[in-house]
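Read-outs: derived from the displayed coordinates by stated rules, not from any lab. Note that the structure is predicted; figures quoted are calculated from it, not measured. Here the Cβ positions follow ideal geometry from the backbone for every residue, glycine too, while neighbour counts run over all protein chains shown.
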Amino acid sequence: MNLKEEIKKMQEEFSAQIPQEVSDIMQKSTEALIQSGIEEHCLKVGDEMPVFTLPNAMNEPISSDMLLKDGPLVINFYRGGWCPYCNLELKAFQDVLPQIKELGAQLVAISPNLPDKSLSSIEKHALGFQVLSDVQNKVSRQFGLVYTLDVKLQPLYTQMGIDLPEFNGDESYELPLPATYVVDSKGIIKLAFAPADYTQRLDPNKVIEILKGLR
C-alpha cells in the first residue's frame, strides 16, 4: 500500500474505536485551524529557507549549512513520535530514502520532541536519516508552521495516553503543521506542502519528482 492507502486504513480502524463526540471535537478543531488561515503564513515555493542548527537524537548539533553542503535537502516536519499519521509518513520516507540519496539529496525530519524521544522514533522505525529536535518549535516558527493545540483536545490527548509535555519538555501544547519542503542547494524552497489538516500528507514520490527536476 502507498501512504494514502495506509492512512485511509488507519483512519477507518481509528474511527471504529473512538466515541462520536470525540471524533466531532477533533473534526471541529481541524476545521477551525483551517479557517484560521495559518497556511497563508507558511513559507512557500521561492522563499529562502531559514538558517538553523538543531540537535539530533544523539544531541549532536546539525546545521542547515551542513545538510545543504552536497546538494538539495528534503525536510519533513512532523508533530511527534506519538502521532500515528507521522509514523506512517516517516516510514514512507524511509522507503524512498535510497532514491533520495541517489538523486544527491539529504533527508531530515524535525519535530518538537526531545532528543531521547526522537531516538525512540529512529529505533522503532529503523530510520536511516537524521531526526532533529526543534524544542519550543523555534525553527518551525520561522517556517510559519506553529499552532497551539485546541484546549478541548488537550485533555483528550492525555486520556489517549499522549503526554505532550513529556514528549516536548514544555507545557505550551504547541505543535508544527505536518509539512514537507524540498530546498535546493542554494537554500531556495522548490516544494512546499503544509496542510492545516494533519491527516493530509504528501506522497514521497512527489518529492522524488521535484528532486529529479533539480538535477
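Rounded to the nearest 20 debye, what is the charge dipole size of the chain about its Cα centre when +1 sits on each Lys and Arg Cβ and -1 on each Asp and Glu Cβ? Kindly include the intermediate steps, with their values, before the conclusion.
Numbers: 20 positive and 30 negative charges, 120 e Å.
About 580 debye.
So what's the back-of-envelope 222 nm ellipticity for the chain, counting only DSSP H runs of four-plus at -39500 (n - 2.57) apiece and dividing by all residues, rounded to 500? Don't skip to the answer; put the middle values down first.
Working: 9 runs with 92 residues, N = 215.
Value at 222 nm, helices only, nearest 500: -12500 deg cm²/dmol.
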- Pairs beyond 27 Å (Cα-Cα), from Lys117/Lys186; Lys4/Lys212; Lys138/Lys190; Lys91/Lys152; Lys117/Lys212: Lys117/Lys186; Lys91/Lys152; Lys117/Lys212
- Query: Residue-wise, which Karplus ³J(HN,Hα) couplings in Hz belong to the range 60-65, taking 6.51 cos²θ - 1.76 cosθ + 1.60, θ = phi - 60°, and x for glycine or proline?
  - Reply: 8, x, 10, 9, 5, 4
- Query: Mind listing the phi-derived Karplus ³J(HN,Hα) values for the range 129-135, rounded to whole Hz, using 6.51, -1.76 and 1.60 with θ = phi - 60°, and x for any glycine or proline?
  - Reply: 10, 5, 10, 9, 9, 9, 4
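Can you work out the FRET efficiency for the pair Asp203 and Val51, with r the C-beta to C-beta distance and R0 = 45 Å, to the nearest 0.05?
E(calc), rounded to 0.05, equals 0.95.
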- If packing is taken as the mean number of other Cβ atoms within 10 Å per residue, what is the order of 77-88, 109-120, highest first? 109-120, 77-88
- Query: Using a Gaussian network for the chain with springs between C-alpha atoms less than 10 Å apart, which of these wobbles most: Gln17, Gln200, Gln130?
  - Reply: Gln17
- Note on the structure: Highest GNM mean-square fluctuation among Pro19, Pro98, Pro50, for the chain with Cα springs under 10 Å, belongs to Pro19
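Any idea what the dipole of the range 1-59 comes to, in debye rounded to 20, about its Cα centre with Lys/Arg Cβ at +1 and Asp/Glu Cβ at -1? Could the numbers behind the result be given before it?
Values: 5 positive and 11 negative charges, 24 e Å.
Here the range 1-59 has a charge dipole of around 120 debye.
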- Across the chain: Cys residues that no other cysteine approaches within a C-beta distance under 4.7 Å: Cys42
- For the range 79-93, what does the Karplus curve 6.51 cos²θ - 1.76 cosθ + 1.60, with θ = phi - 60°, yield as ³J(HN,Hα) per residue in whole Hz, taken in order and with x for Gly and Pro? 6, x, x, 7, 8, x, 5, 5, 5, 5, 5, 4, 5, 5, 6
- Query: Under a point spin-label approximation (7 Å from Cα along Cα-to-Cβ), what is the Gln20-Lys8 distance to one decimal in nm?
  - Reply: 2.5 nm
- Message: Give me, ordered by chain and number, the residues 5 or more places off Tyr147 or on other chains with an amide H under 5 Å from its own placed amide H.
- Response: Leu175, Leu177
- Under 5 Å between amide H atoms, partner at least 5 residues away or on a different chain: which partners does Leu132 have, H built in plane at 1.01 Å? Ala109, Ile110, Ser111
